[in-house]
Amino acid sequence: MNHLKYRALFAVGMTVGVLGLVGVRAQRAARADDPSLTKLTSITLLGTPGGGDYMRVHDGMLYVANTAQGTMSVIDCNKDRLVATIPGLTKCHGFAAAPGADKGYVTVGGDNTVAVISLGTHQVQKTIDVGVGPDAIAYAASTKRIFVGDHRGKAIPVNDPSTDKVAATVPVGGTVESIREDPTSGYVFANLEDTSEILALDAKNGKIVRRSPVAPGEGPTGLAVDTKNGTLFVGCGNSKLIVMNETDGKIKQTLPIGEDVDYAEFDPATGIIYTANGSGSVSVLKEDEDGKVTKVEDVTTVKGAHTLALDPSSHKVYVLHEGVVDVYQGRGK
């Protein structure tokens, strides 16, 4: 190649490269300056304000457990408005359903059952006896079964939606606080709050595969899963987020979060982790492409707002407190 031509091409390439690098840095700086969460609106729920528990987005609807009222609120996520209130769910805690299903499952601590509700009519169809203190609940896509956390019974009943009967009950020897599934690995994970462990179950046979201590974390409550990288994000009561490898239970990182954490979500499209902290904040952290997690900030919410839900399609985050759901816009791609 002609040397003069080579030098000219090299100079052009260097100029383009520098401009590109400046552009990338400018974009990153702009993203860093963007707020993690921007409040959009608030939705007032029906009835006397009181404490609530889990929320979950399913097929464009947000299901909110109003534990103190014994009702479940249904919110249209596209319009961010209340569309139904389901009564008769004394001390309800959580909701789960299969994608595209016409029925959902609600843990009802008041009578130790799981209520089966119609997602079309918003009526209770039947109840299933599941043990003592049903709290957390999750649908396992790999087995098409519903896993229930008996908070006081220290067990995980497994419900078969085809029969709406308990197919098995797995004693776990600890207080189950959150349940998540990784359909890729076929494992179901549960926080054991009183023993400070993460329990891994084989979703197919219900056998306990592994118990992993969360130390230096204590009292794990919130739990989220990055299924692509096989990573668990564990929110602990001593204000720590534990980043754990799900295949062997080894701890990869420990990061600070707000006080009184109770729930966690992970947005797979953006790599953002959210924890709801009862002290009045949402902790925002970011997982990069290499799997390293960095703390972004603590966003001030309302004292007592200990639970949240993520709509992965819109990246909106819903935060519950005393009969009100605050709607925030999270960062998109």
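Things to note:
- FRET E, pair THR227, ASP111, Förster distance 25 Å, beta-carbon r, rounded to 0.05: 0.15
- Three-way shape label, region 41-127, alpha-carbon gyration tensor, a/c 1.5: oblate
- Listed cross-link partners LYS91/LYS207; LYS103/LYS204; LYS207/LYS292; LYS126/LYS204; LYS103/LYS144 are compared with a 19 Å cut-off, the Cα-Cα value being larger for LYS91/LYS207; LYS103/LYS204; LYS207/LYS292; LYS126/LYS204.
- Spatially proximal lysines relative to LYS316 (Cα-Cα < 23 Å; intrachain offsets below 8 disregarded): LYS39, LYS79, LYS228, LYS286, LYS295, LYS303, LYS333
- For region 92-230, the spread of Cα coordinates along the three principal axes comes to 46, 32, 23 Å, biggest extent given first.
- Taking all pairs of distinct alpha-carbon atoms in region 294-333, Kirkwood radius in angstrom: 11.1 Å
- Shape category assigned to the chain from the gyration tensor of Cα positions, a/c cut at 1.5: prolate
- Spin-label zone in region 53-91 - amide nitrogen under 18 Å from a point set 7 Å from the Cα of ASP164 along the C-beta vector: 72, 86-90
- Centroid-to-centroid separation of region 260-298 and region 102-175 [C-alpha atoms, Å]: 28 Å
- Count Lys and Arg as plus one, Asp and Glu as minus one, and take only other residues whose Cβ is under 10 Å from that of SER281; the net charge is then -3.
- Net +/- balance of residues flanking GLY60 in space, Cβ distance below 13 Å, scoring K and R +1, D and E -1: 0
Taken together, the values in this text are just the output of simple stated rules run on the coordinates, not laboratory data. On a predicted model such as this, the values are computed, not experimentally measured, just so you know. Because the Cβ atoms are built from the backbone with ideal geometry, glycine has one as well, and the counts that use them run over all protein chains shown.
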